[in-house]
1. Pull out a ≥ b ≥ c, the square roots of the eigenvalues of the alpha-carbon gyration tensor of region 105-186, then state rounded if a/c is under 1.5, prolate if not and a/b is larger than b/c, and oblate in the remaining case.
2. Given H placed 1.01 Å from N in the peptide plane, which residues other than close sequence neighbours of residue 67 have an amide H under 5 Å from its amide H?
3. Under the definition of Cα pairs under 8 Å and six or more residues apart, what whole-number percent is the relative contact order of region 69-209?
4. To the nearest 20 debye, what is the magnitude of the charge dipole of the chain about its Cα centre, counting +1 on the Cβ of each Lys and Arg and -1 on the Cβ of each Asp and Glu?
5. With point charges of +1 on the Cβ of Lys and Arg and -1 on the Cβ of Asp and Glu, referenced to the Cα centre of region 109-175, which listed residue (163, 151, 130) lies farthest in the positive direction of the dipole?
6. Using +1 on the beta carbon of Lys and Arg, -1 on that of Asp and Glu, and nothing else charged, what's the dipole of region 33-97 about the Cα centre, debye to 20?
7. Calculated from DSSP H runs of 4 or more alone, at -39500 (n - 2.57) each and per residue, what is the 222 nm mean residue ellipticity of the chain, nearest 500?
Amino acid sequence: MRVAIPLYPGFTALDAVGPYTVLAFAPGVAVTFVAGERGPVADDQDSLSITATATYDELPDPDVVVVPGGPGTLPALNDRRLIDWIATAHRTTTWTTSVCSGAFLLAHAGVLTGLPATTHWGFRDGLADFGAVPVAERVVTQGKVVTAAGVSAGLDMALTLLALMRGEDTARAVQLAIEYDPAPPFTSGSAETASPELRERALSLIRGV
């Protein structure tokens, strides 16, 4: 099972690394980071880079696509190589997925037209402008398309995907192997229960202002 995670400048590291860690643990799964060119691609903090070991042309037909999000999503919407690769790969994938604002790249490639999908709570309603149907859920599975909400939801998405790919027992074993047993010190991880002031402060961190 060949999994491809496309990288573009300004992606959020956990959006890519979270699903990578889950899926790479599974037997019979090979995960490759791809980009327009081989080499390091800087994340949204411009302080961490992940190396793309293959180009889009070198891996045009992966079995699974996992598109990360991040502040770099907006300029990436104009990256025709990336968008065309997603659209072409989707025709033959077994699964096409996204994390956070990576959903907008799927939508721009025509993958989410008319489909329920989710993304980061701060931008979820904007999916409607791209032809998708916004859903306030952490993971949304629609046919072979799986979308995840913001950042950390990529881990949940990857485990959901792994259960679909390799069975629940495998997904459970990987969850235990990586000791994914969240116990956050605060109960402020949901926009639905957060105060307006906290939501605005969180969005300001994303905007960098």
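1. On the way: a/c = 3.27, a/b = 1.58, b/c = 2.07.
Judged from the Cα gyration tensor, region 105-186 comes out oblate (a/c at least 1.5, b/c at or above a/b).
2. 97, 98, 99
3. Working: 185 pairs, mean separation 25.5, N = 141.
Computed over region 69-209, the figure is 18 percent.
4. Values: 13 positive and 22 negative charges, 46 e Å.
The calculation lands at about 220 debye.
5. The residue sitting most towards the positive pole is 163.
6. Numbers: 4 positive and 10 negative charges, 30 e Å.
Roughly 140 debye for region 33-97.
7. Details: 7 runs with 70 residues, N = 209.
Calculated mean residue ellipticity at 222 nm is -10000 deg cm²/dmol.
Values in this text are rule-based calculations from the coordinates and carry no lab data. If you're wondering where the values come from, they're calculated on a predicted model, not measured in any experiment. FYI the Cβ positions are ideal-geometry reconstructions off the backbone, even for glycines, and counts take in every protein chain you see.
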